[in-house]
Amino acid sequence: MTHLDSAVFRELCGRFATGVVVVTTMSHEGSPVGMTANSFTSVSLVPPLVSLNVDHGAAMHGHVSRARRFAVNILESRQEAVSRRFAEEHPDRFDGVGYRVSDLGLPLLEGTLAVLECERHNSFEAGDHTIVIGRVLGGQVNEGRPLLYYRGGYYDIPL
């Protein structure tokens, strides 16, 4: 078996354009926490399941892998700054960011294309990541254009 260099693998996968999401939940202390991700996808219609992959080294790994519930905020094209904010190491990523707490107790970002409120259904260890499967309990959609990530940069497409 040959070993594929991680930089080559990253470049190969970088040719696949993805949407950008911010995954949010509440910490055990009751404060909102979140992280930017582009490894998000739908899994099943019945039941409604989604997955996301969380790096073991990410500050959010413990929060997301232990959370009973989490939200997936699908970013709109004008939210690149929000994406960058939640991707950085920052003591309070929510400082100055508009959000509300849902009836399920989840922090939901303002101005997103959509938000999915999920309950953890399952999780699996896979290499240096944890795959978290969430059962979608509800959500909302808004109008706009998606924020895309491709080859290490952000893009917007006209509709």
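Does Asn73 qualify as being buried (at least 18 other Cβ atoms within 10 Å of the Cβ) and not in a loop (DSSP other than H, G, I, E, B)? When the stated conditions are applied, Asn73 passes them. Close Cβ contacts (under 7 Å, 6 or more residues apart or on different chains) running from residues in segment 1-18 that are at positive phi to residues that are open to solvent by 100 Å² or more (accessible area, probe 1.4 Å) and at pLDDT 85 or above are absent. Take Glu143 and tell me if it is touching a Lys or Arg at 6+ places or on another chain (Cβ under 6 Å), farther than 19 Å from Ala58 by Cβ and acidic (Asp, Glu). Judged against the criteria, Glu143 is not a match.
Which residue is most open to solvent (accessible area, probe 1.4 Å), if the candidates are limited to segment 14-33 and must be closer than 25 Å to Gly152 by Cβ and part of a loop (DSSP other than H, G, I, E, B)? If we take residues in segment 14-33 being closer than 25 Å to Gly152 by Cβ and part of a loop (DSSP other than H, G, I, E, B), then Phe16 is most open to solvent (accessible area, probe 1.4 Å).
Of the set (1) of a type outside the set (Gly, Ala, Ser); (2) surrounded by 21 or more Cβ atoms within 10 Å (Cβ to Cβ); (3) in contact with a helix residue (DSSP H, G or I) (Cβ under 9 Å, 6 or more places away or on another chain), all apply to Thr130 but (2). Of the residues making up segment 133-159, those that are outside any strand (DSSP E or B), open to solvent by 60 Å² or more (accessible area, probe 1.4 Å), within 29 Å of Val101 (Cα to Cα) and touching a Ser or Thr at 6+ places or on another chain (Cβ under 9 Å) are Asn142, Arg145.
The values are calculated or read from the model by the stated rules, or taken from the named source; none is laboratory data. Small disclaimer: the values here were computed from a predicted structure and weren't measured. Ideal geometry is used to build each Cβ from the backbone, glycine not excepted, and the neighbour counts take in all protein chains shown. The accessibility values were calculated without ligands, DNA or RNA, using every heavy atom of the protein model including side chains. Shrake-Rupley method; radii C 1.70, N 1.55, O 1.52, S 1.80 Å.
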